[in-house]
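These notes concern the structure reproduced below.
The values are calculated or read from the model by the stated rules, or taken from the named source; none is laboratory data. Since this is a predicted model, take the numbers as computed values, not measurements. Cβ coordinates were reconstructed from backbone atoms using ideal geometry, including for glycine residues, and neighbour counts include every protein chain displayed.
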Amino acid sequence: MDEDAVKTQATTRSIPSTSLVGQQRSLRTVARPEMLRGVPLHVALSNWGRHWRTPDQGMFNVDPKNYQLSRPTKAYDAFLSHEWASSRWLKFLSLLMIFNSGPAFTISFLVSVLVGTLRACRVIPDQTWTLSIVYAVYLTIFLFWQRIRAIFCRPLVVFLDKLCVPQHDEELKQEGIQSLGAFLLSSRELVVLLSPQYLSRLWCVFEISAFLRDRASLNRLRIIPQKTTLLLLMAAGCWHLLASYYFALIRYGGLGSWGDDATSRLTITTAMLGFCSLLVPLSFYVGIGLMSELQEVPQQLASFRIQDSKCYCCSHSHVHPRTGEPLPCDRQLVYEAIQDCWVTETEDGSDPHLEGFNASVRQRVAPKIANGMGIGLPFQYVVYMAVFCIVPWLADFIARWAETIDRRPVISIGCLRHFVDWGIVGVALLFSLRVSIPLWILGSSIEKRVSSRWLAVFIVTPLSFLGVCSLWLPLSISLAATDEDNPLPVIIFGAAAALTAVIWRFKRKPQPSLQPSQLSTSRRRDDDDTFSI
């Protein structure tokens, strides 16, 4: 243990576990009904994430109006777990991705079909600028869906400590802190906005450990590394540019969809590869950084000790940095809750309950966190944010397809070949991102050896190009080399889509944890009000 941790632990043991109002402090599973307050999600996201701004000097802005934004509730749709030192914008964008990207994708897809149909019927001009309608709808829903949703149905109610625990009244604030167990047990879902500092914060570790007290809770845990949001936004931006470039070449570059010559196909493929060589390295740079960050999480959990975690009160020697008033010790509060629930026997007899808790986190919580994190890029969000790049152009393909109805059947091989040109970009995107994950891991290892991320990027990026070309070129060649009634491109497209689905389904399972013989046994106190892990 380092010097700071020793100092913190020593200081902690010297602080009595009483609040400023002289009441015994303990974490409880039952709170007074008036203390159970939640905030509508659209309020928590209002003003471009203003409420997620890092508080000055580690303390919340003491403004009674913040608490007035919350309202009484019986349960929470989600408990938002995070640490305040991380980026306000990354947390804001992560929540938009989690709660708004799905509706944005679905609604914009339907709008794209509608726009294409209206263009085909000549209700609106058959021009490319109409695609901007789809982009505008997606952006509006992505940013403001929770506010729109609240107009028609019950808004999602979440727990955000800054707004749901009264910061302006010290007595109520301490009661709110002690009711953390009740807030967790009243939450249908735990949303963890993971950052590099998350597992080093006392309350963060306690929250996730308490929530994962049984196996069923894993299904209600959603872990999103904040860098994942940044990566998906960058990948989505790159592929939007690539998709727009590709579809513009098809529409305005003289490339038809019913009988393409090999020269045009080769020209467009070469242009696409050149364009990729400019954009893909940027996403690889962020991706390698993401994997380096995610690989640190198992290492942090493998050596986890709650004694080394940090909390605000201990970091300031239990004295408020601005007012000079004494701060009650949150560490002692958590330690006493752990002591009530863990009984272990150790040879030296030192802190057996804490060692039991540490063993539980390493042996039980860590695999669940690893499983909850999955492969680093949640498939549904990849679809909602990155694959959206082909959605606006569906309107263009519907309008072009309608022009051929007079001279060919509505459903035919030629029709399917036409939409293969549209769908191949989405399949290539999914295939590329899934293949990129092991390449990012490889790049992370190379970065540690050569001490240069850009060098690692230029080493592994060509491998990504080879993987995408192995999927793209057979389809492109088959479209150019076969006549319009030949189903070969459709078959190749189906095989490519199936292969992409299979590799996304494949997921390395976390190693099973071993239960040590000295693993602590838990017990509950007779008093039902005491919080148990």
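Buried (at least 17 other Cβ atoms within 10 Å of the Cβ) and in contact with a strand residue (DSSP E or B) (Cβ under 7 Å, 6 or more places away or on another chain): does that describe Val157? Step through it out loud before you land on a result.
On the way: buried (at least 17 other Cβ atoms within 10 Å of the Cβ): yes; in contact with a strand residue (DSSP E or B) (Cβ under 7 Å, 6 or more places away or on another chain): yes.
Considered against the rule, which asks whether it is buried (at least 17 other Cβ atoms within 10 Å of the Cβ) and in contact with a strand residue (DSSP E or B) (Cβ under 7 Å, 6 or more places away or on another chain), Val157 comes out as yes.
Restricting to the range 172-198, what's the tally of residues that are closer than 26 Å to Ser87 by Cα and either buried (at least 22 other Cβ atoms within 10 Å of the Cβ) or touching a strand residue (DSSP E or B) at 6+ places or on another chain (Cβ under 8 Å) (or both)?
14
Looking only at the range 209-230, count how many residues are modelled with pLDDT under 85 and either closer than 15 Å to Lys91 by Cα or outside any loop (DSSP other than H, G, I, E, B) (or both).
From the range 209-230, those modelled with pLDDT under 85 are 209-219, 227; that's our starting set.
Adding the requirement that they be either closer than 15 Å to Lys91 by Cα or outside any loop (DSSP other than H, G, I, E, B) (or both) leaves 209-211, 215-219, 227.
Final tally of qualifying residues: 9.
This table checks each residue for (1) under 26 Å from Phe388 (Cα atoms); (2) without any contact (Cβ under 8 Å) to a residue 40 or more places away in the chain.
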{"site": "Ile413", "(1), (2)": "yes, no"}
{"site": "Arg417", "(1), (2)": "yes, no"}
{"site": "Ile424", "(1), (2)": "yes, no"}
{"site": "Leu430", "(1), (2)": "yes, no"}
{"site": "Pro438", "(1), (2)": "yes, yes"}
{"site": "Ile446", "(1), (2)": "no, yes"}
{"site": "Trp454", "(1), (2)": "no, no"}
{"site": "Phe465", "(1), (2)": "yes, no"}
{"site": "Cys469", "(1), (2)": "yes, no"}
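Inside the range 302-320, can you point out the residues that are farther than 22 Å from Glu175 by Cα and part of a loop (DSSP other than H, G, I, E, B)? Show your work before the answer.
Applying the first criterion (farther than 22 Å from Glu175 by Cα) to the range 302-320 yields 302-309.
Within the range 302-320, Ser303, Phe304, Arg305, Ser309 meet the criteria.
Does any residue of the range 285-296 turn out to be among the acidic types (Asp, Glu), farther than 30 Å from Val134 by Cα and modelled with pLDDT of 70 or more?
Looking only at the range 285-296, we keep the residues that are among the acidic types (Asp, Glu), and these are 293, 296.
Okay, now just the ones that are also farther than 30 Å from Val134 by Cα, so 293, 296.
Going one step further and asking which of them are modelled with pLDDT of 70 or more, we end up with 293, 296.
Yes, some residue in the range 285-296 is among the acidic types (Asp, Glu), farther than 30 Å from Val134 by Cα and modelled with pLDDT of 70 or more.
Please enumerate the residues belonging to the range 165-194 that are under 27 Å from Leu96 (Cβ atoms) and in a loop (DSSP other than H, G, I, E, B).
Val165, Gln167, Ser186, Arg188, Glu189, listed by residue number.
Which residue pairs have Cβ atoms closer than 7 Å, lie 6 or more positions apart in sequence or on different chains, and pair a first residue in the range 107-120 that is touching a residue at least 40 places away in the same chain (Cβ under 8 Å) and at positive phi with a second residue that is crowded, with 18+ Cβ neighbours inside 10 Å and in a helix (DSSP H, G or I)?
Close Cβ pairs satisfying both conditions: none exist.
Given the conditions (1) surrounded by 15 or more Cβ atoms within 10 Å (Cβ to Cβ); (2) of a type outside the set (Phe, Trp, Tyr); (3) part of a loop (DSSP other than H, G, I, E, B), report the number of the one that Arg122 does not fulfil.
(1)
Results for (1) farther than 23 Å from Gly426 by Cα; (2) assigned to a loop (DSSP other than H, G, I, E, B), shown as yes or no for each residue.
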residue	(1), (2)
Ser86	yes, yes
Pro103	no, no
Phe109	no, no
Thr117	no, no
Ile133	no, no
Tyr138	no, no
Phe142	no, no
Arg147	yes, no
Val158	yes, no
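Do you know which of the residues in the range 209-244 that are among the β-branched types (Val, Ile, Thr) and touching a Gly at 6+ places or on another chain (Cβ under 9 Å) is surrounded by the most Cβ atoms within 10 Å (Cβ to Cβ)?
Residues of the range 209-244 that are among the β-branched types (Val, Ile, Thr), as a first pass: 223-224, 228-229.
Among the residues that remain, those that are also touching a Gly at 6+ places or on another chain (Cβ under 9 Å) are: 223, 228.
Details: Ile223: 22, Thr228: 25.
In this case the residue turns out to be Thr228.
Looking for something surrounded by fewer than 20 Cβ atoms within 10 Å (Cβ to Cβ), outside any helix (DSSP H, G or I), small (Gly, Ala, Ser) and modelled with pLDDT of 75 or more - is there at least one such residue anywhere in the range 324-342?
Yes, there is a match, as at least one residue in the range 324-342 is surrounded by fewer than 20 Cβ atoms within 10 Å (Cβ to Cβ), outside any helix (DSSP H, G or I), small (Gly, Ala, Ser) and modelled with pLDDT of 75 or more.
Identify all residues within the range 307-328 that are in contact with a Leu (Cβ under 6 Å, 6 or more places away or on another chain) and aliphatic (A, V, I, L, M); write none if there are none.
Selection gives nothing.
Here is a yes/no grid of residues against (1) part of a helix (DSSP H, G or I); (2) of a type outside the set (D, E, K, R):
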{"residue": "Thr106", "(1), (2)": "yes, yes"}
{"residue": "Arg154", "(1), (2)": "no, no"}
{"residue": "Leu163", "(1), (2)": "yes, yes"}
{"residue": "Pro196", "(1), (2)": "no, yes"}
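Among the residues in the range 405-414, are any acidic (Asp, Glu), modelled with pLDDT under 85, outside any helix (DSSP H, G or I) and exposed (fewer than 14 other Cβ atoms within 10 Å of the Cβ)? Steps first, please.
The initial filter retains those residues of the range 405-414 that are acidic (Asp, Glu), namely 406.
In the following step, the residues that additionally are modelled with pLDDT under 85 were identified as 406.
Checking the rest, the ones that are also outside any helix (DSSP H, G or I) come to none.
The answer is no; no qualifying residue exists.
Could you please let me know if Phe206 is hydrophobic (A, V, I, L, M, F, W, C) and crowded, with 19+ Cβ neighbours inside 10 Å?
Details: hydrophobic (A, V, I, L, M, F, W, C): yes; crowded, with 19+ Cβ neighbours inside 10 Å: yes.
Spelling it out, Phe206 is indeed hydrophobic (A, V, I, L, M, F, W, C) and crowded, with 19+ Cβ neighbours inside 10 Å.
Given the criteria farther than 18 Å from Pro392 by Cα, touching a residue at least 40 places away in the same chain (Cβ under 8 Å) and either part of a loop (DSSP other than H, G, I, E, B) or of a type in the set (Phe, Trp, Tyr) (or both), does Tyr67 qualify?
Numbers: farther than 18 Å from Pro392 by Cα: yes; touching a residue at least 40 places away in the same chain (Cβ under 8 Å): yes; either part of a loop (DSSP other than H, G, I, E, B) or of a type in the set (Phe, Trp, Tyr) (or both): yes.
It is true that Tyr67 is farther than 18 Å from Pro392 by Cα, touching a residue at least 40 places away in the same chain (Cβ under 8 Å) and either part of a loop (DSSP other than H, G, I, E, B) or of a type in the set (Phe, Trp, Tyr) (or both).
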